[in-house]
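The values are calculated or read from the model by the stated rules, or taken from the named source; none is laboratory data. Because the structure is predicted, anything quoted here is derived from the model rather than measured. Note that we place each Cβ from the backbone using ideal geometry, even for glycine, and neighbour counts take in every protein chain shown.
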Amino acid sequence: MIHYLKSHFPRGYHYLIRQSEPGEIDGSLKSRIFDPAQKAERHNIWGQVQNVSEIGRRLGWVPDHFPLIFFSDTVVQEIANSMASRDNRVNGNEEEKDSAGFLLDRLGLSHLADRQPYFLSEGETKAVWFLCQWVKGPEYLIIGHLPSVLSERSQESILSFLEDSESLARTRGFLPSTLILGYLKSDRPWYGRLLSDEKWQLVERVHF
């Protein structure tokens, strides 16, 4: 999978992939790398685990309408634990919790810090999962369809975050991910601004 991504989506750029309908990218990724029969196993959904799988280290995925599993009592600890996974640790320390708090505030979600992840709305869950994937510093971070299940405010916050993703990553001490976002023909209002940056490229429909 990583070899395929490197061949078709060279590092150093970000990519917008056209879909005919939401869920195409998610469906392709699900069929390739997710085993529903083992969904309770952390490594199969790229959670935090002492022996993080190789693909989990190198690939982040933010799906829509897809069962996600959290393992911490609070949102801020869940994100901190995802940071710790970069060093093959299970639990985030206080410094990582502070960093997680900063990132939640950056997304306008500081009010969620002490909430239990399973009591979030669908949109809040997607935003928190996005941070959990992003802080792992994967080589590739794939978002099936950004607007799905997000309010306009949350969509704008994540879009702004993505625009600053490279500088934010370096500030947090890791290399930035190559971003791959699925889009629809009607989505130009939200993705058009990304194209003002020469690092973003439009790609015709691609099957993973």
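For Leu150, the conditions (1) assigned to a helix (DSSP H, G or I); (2) in contact (Cβ under 8 Å) with a residue 24 or more places away in the chain; (3) more than 19 Å from Leu202 (Cα to Cα) are fulfilled apart from (1).
Among the numbered conditions (1) out of contact with any Gly (no Cβ under 9 Å at 6 or more places or on another chain); (2) outside any loop (DSSP other than H, G, I, E, B), the only one that Asn91 does not meet is (2). Please determine whether any residue of the range 140-160 is touching a Lys or Arg at 6+ places or on another chain (Cβ under 6 Å), hydrophobic (A, V, I, L, M, F, W, C) and under 24 Å from Arg32 (Cβ atoms). Yes, some residue in the range 140-160 is touching a Lys or Arg at 6+ places or on another chain (Cβ under 6 Å), hydrophobic (A, V, I, L, M, F, W, C) and under 24 Å from Arg32 (Cβ atoms).
Restricting Leu5, Leu16, Leu68 to residues that are modelled with pLDDT of 75 or more and part of a helix (DSSP H, G or I) narrows the list to Leu5. Apart from one condition, Gly60 fits all of (1) surrounded by fewer than 23 Cβ atoms within 10 Å (Cβ to Cβ); (2) under 17 Å from the mean Cα position of the chain (by Cα); (3) of a type in the set (Gly, Ala, Ser); the exception is (1).
Of the residues making up the range 103-121, those that are surrounded by 13 or more Cβ atoms within 10 Å (Cβ to Cβ) and not in a loop (DSSP other than H, G, I, E, B) are Leu103, Leu104, Arg106, Ser110, Leu112, Pro117.
Within the range 121-135, which residues are touching a Leu at 6+ places or on another chain (Cβ under 7 Å) and not β-branched (Val, Ile, Thr)? Once the filter is applied, which keeps residues that are touching a Leu at 6+ places or on another chain (Cβ under 7 Å) and not β-branched (Val, Ile, Thr), the range 121-135 yields Gly123, Glu124, Lys126, Ala127, Trp129, Leu131, Gln133, Trp134.
Filter the range 176-208 down to the residues that are in a strand (DSSP E or B) and among the small types (Gly, Ala, Ser) and list them by number. Lay out the reasoning, then the answer.
From the range 176-208, those in a strand (DSSP E or B) are 178-183, 200-203; that's our starting set.
Gly182 - this is the single residue of the range 176-208 that is in a strand (DSSP E or B) and among the small types (Gly, Ala, Ser).
The residues of the range 71-88 include none that are buried (at least 22 other Cβ atoms within 10 Å of the Cβ) and in a loop (DSSP other than H, G, I, E, B).
Scan the range 154-170 residue by residue and report those that are closer than 16 Å to Trp200 by Cα and touching a Pro at 6+ places or on another chain (Cβ under 9 Å). Within the range 154-170, Ser165, Glu166, Ser167 qualify. Residue selection: Glu152 fails the criterion of being at pLDDT below 95 and within 25 Å of His8 (Cβ to Cβ).
Condition first: over 17 Å from Leu16 (Cβ atoms) and either touching a Cys at 6+ places or on another chain (Cβ under 6 Å) or of a type in the set (Lys, Arg) (or both). Can you find one or more residues in the range 123-139 that meet it?
Taking the range 123-139 and keeping what is over 17 Å from Leu16 (Cβ atoms), we get 123-129, 131-139.
Narrowing further to those that are either touching a Cys at 6+ places or on another chain (Cβ under 6 Å) or of a type in the set (Lys, Arg) (or both): 126, 136.
Yes; the residues of the range 123-139 include at least one that is over 17 Å from Leu16 (Cβ atoms) and either touching a Cys at 6+ places or on another chain (Cβ under 6 Å) or of a type in the set (Lys, Arg) (or both).
Under the condition of being free of Cβ contacts under 8 Å to residues at least 24 places away in the same chain, under 16 Å from Leu104 (Cα atoms) and either in contact with a His (Cβ under 9 Å, 6 or more places away or on another chain) or of a type in the set (Asp, Glu) (or both), the residues counted in the range 153-208 number 2.
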